[in-house]
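Trainee: Below is one structure. I have some questions about it.
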Amino acid sequence: MRFLFFSGFALLLTGSLQAFAATGESSAHFGFLSVLPPLVAIGLALAVRQVIVALLAGVWLGATFLHSGNPLLGIARTLDTYLIGALANADHVAVLLFSLTLGGMVAIISRSGGTRGLVQRLIRHAHTPRRAQLLTWLAGLAFFFDDYANSLLIGHAMRPLSDRLRISREKLAYIVDSTSAPVASFAVISTWIGFEIGLIGDAYHSIGIDVNAYWIFIQTIPYRFYTIFALALVAFVAWMSRDVGAMWKAEKRARETGQLLRPDAAPLSSLDRIESADSEVAAGPAYYAWLPVAVVVVMTLVGLYWNGRANVASSNPALYQIIGQANSFHVLMWAAFSGALVAGVLPIIGRKMKLRAVMDAFVSGVQSMNVAMIILLLAWALGQVCQDMHTAQTVIDWTRPILSPHLLPAVVFIVAALTSFATGSSWGTMAILFPIAIPAAQTMAPGVLSADVFVPNIIHIGTIGAVLTGSIFGDHCSPLSDTTILSSMASGSDHIDHVKTQIPYATAAALMALFIGYLPTGFGISPWISLGIGAVLLLLWLRVFGKKVPPW
């Protein structure tokens, strides 16, 4: 099977390079070739389960196309332009440092006995897999203000409990991933909202319409069909103890054999090895674990307010403006360092560990994140390749001929979902689509001015909701997405196993959003009716196609 795949890949690559040479494509327009790098990366990753190789192949292929079809020059530009460029980005470095520091913090907590102490405390309230999954889901909903922090903290915090209750790492990663970007994009106060509102306001301003972008944002909440269905589906899965496809197999394996990972799986982080090595450590006080996490949460919230307030020009800004203007990457670094500091000081004061032991634990935690950091770096490099090749614009051009007023929300959702899945970037997808989608909505189904206030119609609001949630689809389940990678890392899951087990649920939510949400919206159907029908159909889908997970 792999031989056939590699043979097909070689033929595709050869044909693509020949087509490139024959057509003489310029960097301004690559057409179909622009979608090949992400497609090759995704296909190769799913086929051979080697994410680093797959991502590197995608970056190299794009760099080759971008530089006259010369494979050797493609190798050179992959190294000296795209990889170095991804690492030279200040925000990317902040994410890397935040992740590495958090890994060090978790290792200290484990070595001090805090992990065992916390599990013993939590097991009293969540003593079954169902309760543990619902608790993880609720924790993800509560930690709504940033997707990166959500993925890393919830995954690290809940992994020991889920391991104790024989919940597969794939299931934990699915819950964590489904309550990171979807929740942050949906919340009225988060690190996302400033970006989203800014894009909405700019798109309307470009066509000469002044709107209250925040109020438009609020109105789209009932039209966030994919986000709402994806979040609801997690709760349904946990409560009903049913799963479909590969996820059911993973849960059956974990319940019956205690194998939390597939036998030959390659988890993105090796923190579980550290925790396994520390399994003989006596349980320490539970606050050794929860207090550093609480410090990270509090420092993040305080930092977002303090940093955002300093960046807002208005003398009396709203809270959403303050949070939206904060540099979340800097704030997360401050928070992670503070949490690691507290995690190290507590066992020293309690005479549980000496300074040298604390530092050894911290370094081992940092080292456990190396593979995940390499994958994250390659994903960013591939995202830049897609941007340089105008991959998103190609997808938009393909769907432009089928646009019509009634189909606009549905078509925009499809385009956003495909673009975000191919590029792994929700923010990049939003930035590309809003300047196109909002003017298209105004042209096809104009809003009206009432008392000098612009009143958008249902197609306007539905189209904006389609951009916001279609962009989340790729961020939620694409193997190229940074939050998908971080969820795998924090949960200690094999990345490709996480993607494969999660896709059926994401696809079910997306199809429900498309056919029950955005298509009826284009014909004036109330979103509340769509949400109610969609929730019932998701329950029925899970009941019919899902299998009962064996009891613990």
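The values are calculated or read from the model by the stated rules, or taken from the named source; none is laboratory data. All values derive from a computational prediction rather than experimental measurement. When we count neighbours, we look across all protein chains shown, and the Cβ atoms used for this are built from the backbone with ideal geometry, even at glycine.
Trainee: Can you confirm whether residue 487 is of a type in the set (Ser, Thr, Tyr), touching an Asp or Glu at 6+ places or on another chain (Cβ under 9 Å) and either in a helix (DSSP H, G or I) or closer than 30 Å to residue 106 by Cα (or both)?
Mentor: So residue 487 fits the description; yes.
Trainee: Now for a different question. Would you tally the residues in region 240-266 being touching a residue at least 24 places away in the same chain (Cβ under 8 Å) and in a helix (DSSP H, G or I)?
Mentor: Final tally of qualifying residues: 12.
Trainee: Going through region 459-481 one residue at a time, which ones are at pLDDT below 85 and either outside any loop (DSSP other than H, G, I, E, B) or over 12 Å from the mean Cα position of the chain (by Cα) (or both)?
Mentor: Within region 459-481, 474, 475, 476, 477 meet the criteria.
Trainee: Also, quick follow-up: Restricting the search to region 421-441, which residues are part of a helix (DSSP H, G or I) and under 14 Å from the mean Cα position of the chain (by Cα)?
Mentor: Residues satisfying the conditions are 421, 422, 423, 426, 427, 428, 429.
Trainee: Based on this model, can you work out whether residue 369 counts as more than 11 Å from residue 108 (Cα to Cα) and touching a helix residue (DSSP H, G or I) at 6+ places or on another chain (Cβ under 6 Å)?
Mentor: yes
Trainee: Given 109, 84, which one is under 20 Å from residue 358 (Cβ atoms) and over 19 Å from the mean Cα position of the chain (by Cα)?
Mentor: 109
Trainee: Would you mind listing the helices (runs of 4 or more DSSP H) fully within region 54-154 where at least 1 residues are basic (Lys, Arg)?
Mentor: In region 54-154, the matching helices (runs of 4 or more DSSP H) lie at 71-77, 90-111, 114-122, 129-142.
Trainee: Does residue 521 qualify as being buried (at least 24 other Cβ atoms within 10 Å of the Cβ), in contact (Cβ under 8 Å) with a residue 40 or more places away in the chain and either assigned by TED's automatic domain parsing to the domain that holds residue 51 or more than 26 Å from residue 34 (Cα to Cα) (or both)?
Mentor: Yes: the conditions hold for residue 521.
Trainee: Working only within region 368-381, note down all residues that are under 14 Å from residue 79 (Cβ atoms) and either in contact with a Ser or Thr (Cβ under 8 Å, 6 or more places away or on another chain) or free of Cβ contacts under 8 Å to residues at least 12 places away in the same chain (or both).
Mentor: 381
Trainee: Could you list, in sequence order, all residues of region 174-221 that are more than 30 Å from residue 493 (Cα to Cα), modelled with pLDDT of 85 or more and touching a Gly at 6+ places or on another chain (Cβ under 6 Å)?
Mentor: Selection gives 220 alone.
Trainee: Also, quick follow-up: Among the candidates 181, 157, 213, 203, single out the residue that is within 15 Å of the chain's Cα centre (by Cα) and touching a residue at least 12 places away in the same chain (Cβ under 8 Å).
Mentor: Just one listed residue meets the conditions, 181.
Trainee: Among the helices (runs of 4 or more DSSP H) confined wholly to region 168-230, which include 2 or more residues that are surrounded by fewer than 19 Cβ atoms within 10 Å (Cβ to Cβ)?
Mentor: 193-206, 213-219
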